[in-house]
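Just so it is clear, none of the values below were taken in a lab; they were calculated from the coordinates. If you're wondering where the values come from, they're calculated on a predicted model, not measured in any experiment. Cβ coordinates were reconstructed from backbone atoms using ideal geometry, including for glycine residues, and neighbour counts include every protein chain displayed.
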């Protein structure tokens, strides 16, 4: 390690609850990279639902509400993270760090110093990388990117060659790898028509682009005020967020896949329009995790349901390739200074934006 700075600015999560649990520090210790690790000077870090859900404890089974970003009356401390376990505090969140390597741990490749890198959020046992029971997440099970500096395993980052700014690159890792994991698990291809609720969000917009990249036909659901922004992503049809008669609004479109991060009260309508033999893939439930599920629709129509969280190891590398070749584009809604993370997260929760919000140290 060869950086001289020992203290840094950081936004630190001090416990489960509301935005007041995020506390600004200007004298936080700079992390020291260990073997197989690098120290990154963060240029930008994206915001994601996992930041909000982890802070508020929404992942706990004690919570049945939609994602609100506020403190909940009851949260199970023991199952408050995505993995169904507890989180230790203090914790620096932030999964989508982009920046430059400024130091390497003992025995590390000094040739990485100065390289621009993007982080992969999925922490793995690299002796057993596909074991889902041995995974963690950057900014949850370890400190992340809401700071001037962060460290990560060299296998959890990639050197990237791109004309995009750090803020633009910080929109990709979590949202787009989540989306690619969903459609990989659902085996989306050129013969499919994919219905995407919440298409104006980070994952929703990524789903639109990544499904189109595979040659699929895409039907996007979004608030009408956002239709112009969503249209720029290339869907074949855009409908209001929750049509009263979804089948009629589809106008004959045959939906073979629903790719959903929304859930909530409208969920049965999504399932009802799936064609026989169709697939439903899910990686979120921001409108509410408890839904009305008619098992008859599920089995009589030969549907396949897939949950998607831990992704195959190749997806991050694939995504970096898509970015470098210009096959996907960033949708940067707004950039905030890191010290205004609470304001940025409130804007993220309010969902007035289209795309991703990013903070910069």
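Note on residue 249 and residue 70: the model spin-label points, each 7 Å out from Cα along the C-beta direction, lie 2.7 nm apart.
If you take the Cα centroid of the range 152-191 and the Cα centroid of the range 230-255, the two points sit 26 Å apart.
If R0 is taken as 25 Å, the Cβ-Cβ distance between residue 296 and residue 269 corresponds to a FRET efficiency of 0.95.
Of all DSSP-defined beta bridges confined to the chain, some 55% are antiparallel rather than parallel.
Taking the number of other C-beta atoms within 10 Å as the exposure measure, put 348, 146 in order starting with the fewest.
348, 146
Relative contact order, whole percent, for the chain stands at 18, derived from Cα pairs under 8 Å and 6 or more residues apart.
With Cα atoms defining each centre, the range 320-350 and the range 206-226 are spaced 18 Å apart in the structure.
Averaging sequence separations of C-alpha pairs under 8 Å and six or more residues apart, then dividing by the length of the range 177-307, give the relative contact order as a whole percent.
Working: 269 pairs, mean separation 30.8, N = 131.
Here the relative contact order equals 23 percent.
The calculated FRET efficiency for the pair residue 109 and residue 187, based on their C-beta separation and a Förster distance of 35 Å, comes to about 0.40. The C-alpha atoms of the range 151-262 occupy a region whose extents along the principal axes are 50, 30, 23 Å, arranged from largest to smallest.
Across the chain, the volume of the C-alpha convex hull divided among the residues equals 128 Å³ per residue. Which of the three applies to the range 207-318, rounded, prolate or oblate, going by the alpha-carbon gyration tensor with a ≥ b ≥ c and a/c under 1.5 meaning rounded? Rounded. Fully extending the segment from residue 159 to residue 223, taken as 0.36 nm per residue of separation minus the present Cα-Cα distance, adds 19.4 nm. The angle between the Cα long axis of helix 314-324 and the longest principal axis of the Cα atoms of the chain comes to about 90 degrees, rounded to the nearest 10.
From most to least packed by mean Cβ count within 10 Å, the peptides 295-302, 71-78, 191-198, 314-321 give 191-198, 314-321, 71-78, 295-302.
Which angle from 0 to 90°, rounded to the nearest 10, does the C-alpha axis of helix 341-350 make with the longest principal axis of the chain? Orientation of helix 341-350: about 0 degrees from the principal axis.
In this structure, residue 23 and residue 305 have a Cβ-Cβ separation that, at R0 = 45 Å, corresponds to a calculated FRET efficiency of about 0.65.
What residues of the range 1-43 lie in the reach of a label at residue 62, counting those whose backbone N is under 18 Å from a point 7 Å from the Cα along Cα→Cβ? Of the residues in the range 1-43, 14-19, 21 have backbone N under 18 Å from the label point off residue 62.
Among 84, 18, 251, the largest mean-square fluctuation in a Gaussian network model of the chain, built with springs joining Cα atoms closer than 10 Å, belongs to 251. Helix 202-213 and the longest principal axis of the Cα set of the chain meet at an angle near 70°.
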